[in-house]
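This report refers to the structure that appears directly beneath it.
The values are calculated or read from the model by the stated rules, or taken from the named source; none is laboratory data. Treat the numbers as computed from the prediction; the structure is a model and nothing was measured. Virtual Cβ from ideal backbone geometry, glycine too; neighbours counted across all protein chains shown. Accessible surface is based on the protein model in full, side chains and every heavy atom, while ligands, DNA and RNA are left aside. Shrake-Rupley method; radii C 1.70, N 1.55, O 1.52, S 1.80 Å.
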Amino acid sequence: MQEERPFVISIAGFDPSGGAGLLSDIKTLEQIGVMGFGICTALTLQTASQCFSLEWRPIDEITREIKVLMNHHPVSAVKIGIVKDAEFLEKIIDTVKACNNETQIVWDPVLKSTSEFTFFNLETLPLLKNTLNKISLITPNYNEYLVLKDGSLLSGENLCSILIKGGHREDRLGTDVLVEGEKETYLAPADGDFVYHPKHGSGCVLSSAIAGELAKGVNMAVACKNGKLYIEKFLKSNPSLLGTHS
């Protein structure tokens, strides 16, 4: 008899192109070997290269859906994508933790799209100070990391783990850095050469892959390493902006 797959919820935006957000996350989770559920935070109109509009869903509907799914299934991990602001994020996290305090949470802090469409209300950033310690991991790119760091959010005790993605760095291009307290682990490209095709939604793919790995019971360093192997394969899948999963 086949063993039941762990359950993971993606709480993210709907992208009709399928390259980012919920659709991309579910494709990733299926390939990772876990059961993926989806809760929509926002309806977007976008292509692989441009975001035209966004409509946020009511937070009360989102938290109700979290409760329904988590009360019916043993959800091991939750991946969170685009959220409106710090209060929106905190209500999602508090709902998850109220349902199961052991559920691991991965947040991909998407502040802006690659095409400069703003998702997160940056004026609420200071409110994240009391929220980040409830999260298992955040996965900012280098630019997002600098914004969070400049806001004095990435210091102090009981801070979550941070995976600083290396795709936007000028030095160590393609090398991610996992920060767990005082410990830093450098994750270099698997083949030693960061040659790839840019992909719409690559941050979504990486964060959901890591959430899926955590749901399978591996530790944070192994989850990030396996997630990096997955995203590197995805980035090299074809020359277009829409990657394929295999």
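When residues in segment 59-95 are screened for being touching a strand residue (DSSP E or B) at 6+ places or on another chain (Cβ under 8 Å), assigned to a helix (DSSP H, G or I) and either at pLDDT below 95 or more than 24 Å from P126 (Cβ to Cβ) (or both), 4 of them pass. Screening S240 against (1) open to solvent by less than 60 Å² (accessible area, probe 1.4 Å); (2) free of Cβ contacts under 8 Å to residues at least 60 places away in the same chain leaves a single unmet condition, (2).
Residues of segment 6-50 that are touching a Leu at 6+ places or on another chain (Cβ under 9 Å), under 25 Å from R64 (Cα atoms) and open to solvent by 70 Å² or more (accessible area, probe 1.4 Å): F14, M35, L43, L45.
Of the candidates I82, I59, the single residue that is open to solvent by 10 Å² or more (accessible area, probe 1.4 Å), in contact (Cβ under 8 Å) with a residue 40 or more places away in the chain and not acidic (D, E) is I82.
Which one is most open to solvent (accessible area, probe 1.4 Å), of the residues in segment 96-124 that are in a helix (DSSP H, G or I) and more than 19 Å from S207 (Cβ to Cβ)?
By that ranking, first place goes to E123.
Quick one: which of V222, V205, V218 is under 15 Å from G21 (Cβ atoms) and either of a type in the set (V, I, T) or free of Cβ contacts under 8 Å to residues at least 12 places away in the same chain (or both)? Give the derivation first.
Working: V222 fails: under 15 Å from G21 (Cβ atoms); V218 fails: under 15 Å from G21 (Cβ atoms).
Criteria check complete, one pass: V205.
If you go through segment 124-165 and pick out every residue that is touching a helix residue (DSSP H, G or I) at 6+ places or on another chain (Cβ under 7 Å) and of a type in the set (D, E, K, R), you end up with 2.
Scan segment 231-246 for residues that are in a helix (DSSP H, G or I) and more than 17 Å from G21 (Cβ to Cβ) and jot them down. Steps first, answer last, please.
Step one: filter segment 231-246 for residues in a helix (DSSP H, G or I), giving 231-235.
Selection gives E232, K233, L235.
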